[in-house]
Structure formats: structure tokens, C-alpha cells
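Peer 1: Quick one: the structure is below, and I'll ask about it shortly.
The values are calculated or read from the model by the stated rules, or taken from the named source; none is laboratory data. Here the structure is a predicted model, which means the values were calculated and not measured. Every residue, glycine as well, gets a Cβ built from its backbone with ideal geometry; the counts of neighbours run over all protein chains shown.
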Amino acid sequence: MSAPSALLREPAGAGRDLNAQALRADARRESLRLLALLSPSLFLVFAIIIVPIGWLFWLSLFDEAGAFSTSNYARFFEQASYIKTFVTTFKVAFIVTGACVLLGYPLAYMLSQLPRRAASICLIFVILPFWTSVLVRTYAWLVILQRKGLINSWLIDLGVISQPLSLANNLSGVVIGMTHILLPFLVLPLYASMKTIDTDCLRAGMNLGASPAATFRQIFLPLSLPGLASGVVIVFVLCLGFFVTPALMGGGKVIMWAMRMEQTTSLYSNWGAGAALGVVLLGVTLALLGLFQWLLGARATGVWSQR
Amino acid sequence: MSIAPSALPISMRRIEKRFGSVSVLRDLNLDVEAGEFLTLLGPSGSGKTTLLMILAGFVRADGGSIRVGDDEIITTPPHRRNIGMVFQNYALFPHMNVFHNIAFPLKQRGVAATETAERVEKALELVKLKGLGERRVDQLSGGQRQRVALARAIVFEPRIVLMDEPLSALDKGLREHMQIELRALHRRLGMTTVYVTHDQREAITMSDRIAVMNAGRIEQLDKPETLYAAPKTQFVAGFIGESNFIPVECRNGSVWYEDRRIQTAGAPPVPGQHLMVVRPEKLRLVTAAEPSSGINVLDATVGDIIYQGDSFVCYAVLRDGRQLTLRDYCRSDVLARLPAPGQPIRLGLDAQDTILVAAER
């Protein structure tokens, strides 16, 4: 009994908490210990994220002669080819994201409605392409889509068309290839969010007099939107930085942001300009993520609940 | 009780449901009177929820007929059945506020906006949530969600209301409060209600009649008082209230427990093995001097006595080793002559409280 009372001091004055100082010191020690435990990962984040991005940003501020200037950024507004690349990148990203939504939503819906066993088998087929390299898949699409490829020769043999369709080495080739590669990134989060929709909510909808179609429109669809939004963000952001597929399937006609970066650094050895492209891409991506975050946040605070 | 003009009787005939090779409902027949509060009571797996799902139209029966009033609804899709339902987890729409949740069934029926607002307001008032229409669902407590679900299920004045263990997610105090409130609401609106629960106290508190279900059949359909006082099977006696079972034999028109003749109120049962159902609160301590006419007296020793504040429980051991439970309130006269563990006692059971059921194999 005497040992604790010797350690715990009496309050120094009225109104002061008992052992307040000792407790504060203990809290300080605990946060220092936590910081020490966190330090390896903090160092890792610093070394592989903060330092390279800082370096990239630093590089972008020097022109070809090595002088400090903002000419790398001025180029975005002055050179038409830069603006065209920018527009192309967003155009492809919009089309591919749209195609992924149109294909992915029904697919995810079907998966979410299948019995557990069938769904997991079908999911394997969705994930399977992930295990094949992007390069291999892109070449496979070239084989299928090119002028004398599988599709064109079939269609000609069947007499559907007389002239081969130009499916590869242009925008449609890029869109087909990228849609195939990015589809799982939309389907998986969407499927996951659809699985969390309470079947009783859908039953309640029907019980309250909504036809199956009305139940889908008024209950299932709105409840699946957050999952759709996260899938859309992932696909859109990945599109912005995509390289292999547009480079191979575009036939040099579809120049996207990442391809322009590669040209600038490896063809013209202009590291400053390449770095500026990277910084702008990063900025645009972060801005988009911020926008989506804000939209989803607005939804959470009940903006959508009105309708 | 006022029967709302929309209240209709339900008549279920020969309902069959199998999941694979497992028979969940077997040749089930049940009539619910117009405006009645009927509870399906049973353990999990007894088929009570399946029956409710078949009534609501979410599960397709393998056979049978359901008539609501004069309409056969067994093949009617759920959205045309016009049956309100309160789900176990409430199933409120998380992307709509309270008002839009309750207005949902009215919107589906093309009710005009002004009338919708009026009726939602009235429903909110009925469930004591006036002024909470703009709240988001996730801002509500469990009890409030329960009330919103209830308001949504009755706002369109359905012919029938189904409830699937609606109070099971609430804590005990709130649950008991909601039982009384649901009961009062039912009295006021008089809609035909089918209620599912596995809680026998809840069923007894709320129901006009209770259908005790076991293994896909209705074991007994009766008023709560009748179910408690005169269970027809061992299952019902065991499921409703606390019971001890003592094997007895009927021969030559009288009932015997070992060498002691048991007096019963009703006509003697068919010869053979039976079980005597002994409710803990029907037993009492009797002194040696008390006459034993009209009372069945059992000799026992006290195993243990548990004090529970308002009452005490005495675990008594019969001569054959069987344990009997006696419960009584802590009145001073009872406490004064409370026996000690190990002491021999005499347990008295009135003849009219002596229930016999057929022994199940």
C-alpha cells in the first residue's frame, strides 16, 4: 500500500488534476515511441515518393541549356502539338472510361447476382488477363484487329464487308486495347460495392410496390454509384498515364501524354521538358482525385438524398 | 377492436416448400382472421421466415394456395401484392432521407405530391417521429429506424402487414417498449398482421393468436393463454415458458408417477406413457400438515436456492434424481420458511395446473 502512494504525488493545489504532470509526460513518451516505430516507413515514403517527385519538379525548372527558367511550362500554352497531345489524352481517357462503364456495369451486375460459386468462377475470368503481361495482350489485339487480322478475314470470308475495316493503328485500336486492359479495374470495385447492397433493400423496394425495373433504377443504381465512381476514377487516372497500348495500337497517330514524355526524354534528351510533362500529369491527376473526393463527400452529406 | 376497411383475412392451404432435398414447409394450412395479430413462433429452421417470405412473394412455394380476401396471390409478383413488410434489419434505403423512405410506396402508386406529404406527415406522427422527415437514415437510432420502417410499411394502407423479427436488433428495454407500442398501433389501425419471432415472451405479449412452428409444421395454433395453460405437445410445452417434464404412466383410467397417483383436472388421457409438464411458478412449498386433496405432492430435497431479487429459484431433486425448478416471489411469509440446501421438502402442484402431454420419441 505504501509503494504506490510514494510514487503518486499529492495534488500541488486546489483545482489541479491529480498526477496531471506525470500523465502528460507519459502521453508524450507514448507518442515519441509511436513515432520511433513509424520512422522506417516514414523514411521509405520520403525516399521513394517525396525525393523523386521533388527532383522531378526541380528538373522541370531548367531549360536545355541548364539555365533556370519556366520555358518548359510555357511550352504547354505555346506549342500546338502539346495542346493536341493533352486533348488526345483526355479524349482517349473519356472514351475508354465510358466503354469500361458500358461493358463493366452489366458485367459487375451479373457477377453480383450470380450464386457464390458461379460468381467466383466468372471472377477468375475477369482477373485472368491480369496475370498476362500488358505487352502480350496488346500484341494479341494487334493480331486480332489488324488489316489482315482475324476479325477482318472472318468478316470478308463471310461476305459481310469487302474492304478490311481499319481497327488497329488508330484511335479505335487504342480504345479497344485499353478498354480490355482496364476493364477489371472498373469491374472489381464495382462488384465489391454491389455485393454490399442489402438484398432486403431490393426486396423492400418491390414489397412497397416498385416493379423490378423501378427497384433497379431507384434503389440498386443509386446504391452502386459510389463503387462505380471509384472504378471510374481508377480507370480514368490509369488512362491518363497509359503508354504501352497507345504506343503499339495507335500506329503513331494517337500520341498520348506518356508517349510524348518518352519522346521528349529518349528522343530529344530534353529532361526538363519531360519532367514538366510529368509534373503537369501529376497535378491534373491529383486535381481530378480531389474533385471526385469532393463530389463523393457532397453525396455523403446528403446532397443526393433529395432525389 | 376496430377492423380497418382494408383489413382482409388470409387463408393458406397446403403450402409446400423444399430447398433441394430438404423439406422446409410441409402441407401447411393456416387461416389468419381479418384484423388479427398472428405470430409465427418457432426456433430457427422451423420454417417461419420461409412462410413469411412466401407470403410476401420473395420465395416461390413448390405448391399451395394463398388467398387474401377472395384473391389468389400465390403467383402474384411481390410488387403487386400490396402487402406491407417490416424487415429484420429494417431495410431502409440509405440514399434517401426519412421522408423519401416513407414516401417511396406512395410515389410508386402515383400519389400526388401534396397528398404524399400529408400522408407521410400522418405516418410520422403515428410512429412518434414528427419533424424528423429531413433526417438521414444514418442519423437515426435503432429504435427510430424501426419506427421509420414501420411507418413505411403502413403508409400506403396495405391489406396485410408482415413483420420479420422487427425488434430483435433492439436492446431489451426498448424492445419491451416497442412491443407495447406495436400492439397499441395494431389495436388502433386494425390491419391484419403476421409477425415472426423466436422470442416466446414477445409472442405472448403481442399476439391475438400464436402459431407455434416446428420442423415445417404448425404444432399448435391458439391464444397465448391457451398455449401456455394447455400445450398439446411436448415441443410447445418446452418452447413456451419454462417447463420440467416428469414421465408418468396412464393405466386403468388414472395417472401414475412411480407409485403415486397424479390428480388431473381433465378427462384421463389414453393409456400409455405421458409427460407431466411442471411450470416453476405453479409449484409451491407445502407443509406436512396440509391436506393433499386437489394437490399433487412430490417429495424432494433442496439442491440449491438462487436469490434473484424479486423472486427466488429453488432447484429441488426428486427421489429418482430428476430435477424440478420452483420459482416464487420474495414475500416475507415465503422467505420466513425458506428451506436450506439439503433439506427435504414437499412440492405441491394443483390438480388444475397439472398438464399432461404425449411423450415424444
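Peer 1: Look at segment B:58-84 and say how many of its residues are among the hydrophobic types (A, V, I, L, M, F, W, C) and within 11 Å of residue A:209 (Cα to Cα).
Peer 2: 1
Peer 1: May I pose another question? Can you pull out the residues in segment B:318-354 that are among the β-branched types (Val, Ile, Thr) and either surrounded by 15 or more Cβ atoms within 10 Å (Cβ to Cβ) or outside the structural domain of residue B:281 (by TED's automatic domain parsing) (or both)? Break it down stepwise before answering.
Peer 2: First, pick out the residues of segment B:318-354 that are among the β-branched types (Val, Ile, Thr): B:325, B:334, B:345, B:354.
Matches in segment B:318-354: B:325, B:345, B:354.
Peer 1: Look through segment B:1-60, keep the residues that are of a type in the set (D, E, K, R) and assigned to a loop (DSSP other than H, G, I, E, B), and return whichever of them is surrounded by the fewest Cβ atoms within 10 Å (Cβ to Cβ). Before the answer, list the steps.
Peer 2: Within segment B:1-60, the subset of a type in the set (D, E, K, R) is B:13-14, B:16-18, B:26-27, B:31, B:33, B:36, B:48, B:60.
Retained after the next criterion (residues that are assigned to a loop (DSSP other than H, G, I, E, B)): B:33, B:36, B:60.
Working: B:33: 16, B:36: 21, B:60: 10.
Once the filter is applied, the top-ranked residue is B:60.
Peer 1: Within segment B:145-163, can one find any residue that is in the same structural domain as residue B:102 (by TED's automatic domain parsing), surrounded by fewer than 18 Cβ atoms within 10 Å (Cβ to Cβ) and not acidic (Asp, Glu)?
Peer 2: No; the residues of segment B:145-163 include none that is in the same structural domain as residue B:102 (by TED's automatic domain parsing), surrounded by fewer than 18 Cβ atoms within 10 Å (Cβ to Cβ) and not acidic (Asp, Glu).
Yes or no, residue by residue, for (1) in contact (Cβ under 8 Å) with a residue 60 or more places away in the chain; (2) surrounded by 18 or more Cβ atoms within 10 Å (Cβ to Cβ); (3) within 15 Å of the chain's Cα centre (by Cα); (4) closer than 11 Å to residue B:39 by Cβ:
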position	(1), (2), (3), (4)
B:170	no, yes, no, no
B:174	no, no, no, no
B:187	yes, no, no, no
B:196	yes, yes, yes, yes
B:201	no, no, yes, no
B:205	no, no, yes, yes
B:210	yes, yes, yes, yes
B:216	yes, yes, no, no
B:220	no, yes, yes, no
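Peer 1: In segment A:209-237, which residues are crowded, with 18+ Cβ neighbours inside 10 Å and outside any helix (DSSP H, G or I)?
Peer 2: Passing the criteria: A:209, A:210.
Peer 1: I'm trying to understand the selection: among the residues of segment A:147-175, which are within 30 Å of the chain's Cα centre (by Cα) and surrounded by fewer than 19 Cβ atoms within 10 Å (Cβ to Cβ)?
Peer 2: Correct list: A:166, A:170, A:171, A:172.
Peer 1: So how many residues does segment A:204-232 have that are touching a helix residue (DSSP H, G or I) at 6+ places or on another chain (Cβ under 9 Å) and within 25 Å of residue B:154 (Cα to Cα)?
Peer 2: Summing the residues that are touching a helix residue (DSSP H, G or I) at 6+ places or on another chain (Cβ under 9 Å) and within 25 Å of residue B:154 (Cα to Cα) in segment A:204-232 gives 17.
Peer 1: Residue check: is residue B:98 buried (at least 20 other Cβ atoms within 10 Å of the Cβ), more than 9 Å from chain A (Cβ to nearest Cβ) and more than 23 Å from the chain's Cα centre (by Cα)? Explain how you work it out, then say what you get.
Peer 2: Details: buried (at least 20 other Cβ atoms within 10 Å of the Cβ): yes; more than 9 Å from chain A (Cβ to nearest Cβ): yes; more than 23 Å from the chain's Cα centre (by Cα): yes.
In short, yes.
Peer 1: If you go through segment B:106-121, how many residues are closer than 15 Å to residue B:148 by Cα, within 14 Å of chain A (Cβ to nearest Cβ) and of a type in the set (D, E, K, R)?
Peer 2: Residues meeting the conditions: 1.
Peer 1: Counting only residues that are β-branched (Val, Ile, Thr) and within 7 Å of chain B (Cβ to nearest Cβ), how many does segment A:193-225 have?
Peer 2: 1
Peer 1: I've got another one for you. Of the residues that sit in segment B:109-161 and are part of a loop (DSSP other than H, G, I, E, B) and over 33 Å from the mean Cα position of the chain (by Cα), which one is modelled with the lowest pLDDT? Give the steps one after another, and end with the answer.
Peer 2: Within segment B:109-161, the first condition is being part of a loop (DSSP other than H, G, I, E, B), and the residues that meet it are B:109-112, B:127-135, B:140-141, B:155-159.
From the residues that got through so far, the ones that are over 33 Å from the mean Cα position of the chain (by Cα) too are B:109-112, B:131, B:134-135.
Values: B:109: 93, B:110: 93, B:111: 93, B:112: 94, B:131: 88, B:134: 91, B:135: 91.
Only one residue fits best here, namely B:131.
Peer 1: Restricted to segment A:68-111, and to residues that are polar (S, T, N, Q) and surrounded by 21 or more Cβ atoms within 10 Å (Cβ to Cβ), which residue is nearest to the chain's Cα centre (by Cα)?
Peer 2: A:97
Peer 1: Residue A:66 is checked against (1) outside any helix (DSSP H, G or I); (2) at pLDDT 90 or above and fails just one. What number does that condition carry?
Peer 2: (2)
Peer 1: Which count do you get for residues in segment A:245-268 that are surrounded by fewer than 18 Cβ atoms within 10 Å (Cβ to Cβ) and not in a loop (DSSP other than H, G, I, E, B)?
Peer 2: Residues that pass the stated criteria total 5.
Peer 1: Given segment B:210-308, what strands (runs of 3 or more DSSP E) lie entirely inside it while holding 2 or more residues that are within 29 Å of residue B:334 (Cβ to Cβ) and hydrophobic (A, V, I, L, M, F, W, C)?
Peer 2: Those strands (runs of 3 or more DSSP E) span B:244-251, B:272-278, B:295-307.
Peer 1: Only one residue in B:209, B:159 is out of contact with any helix residue (DSSP H, G or I) (no Cβ under 9 Å at 6 or more places or on another chain) and under 26 Å from residue B:54 (Cβ atoms). Which one?
Peer 2: Matching residue, one of B:209, B:159: B:159.
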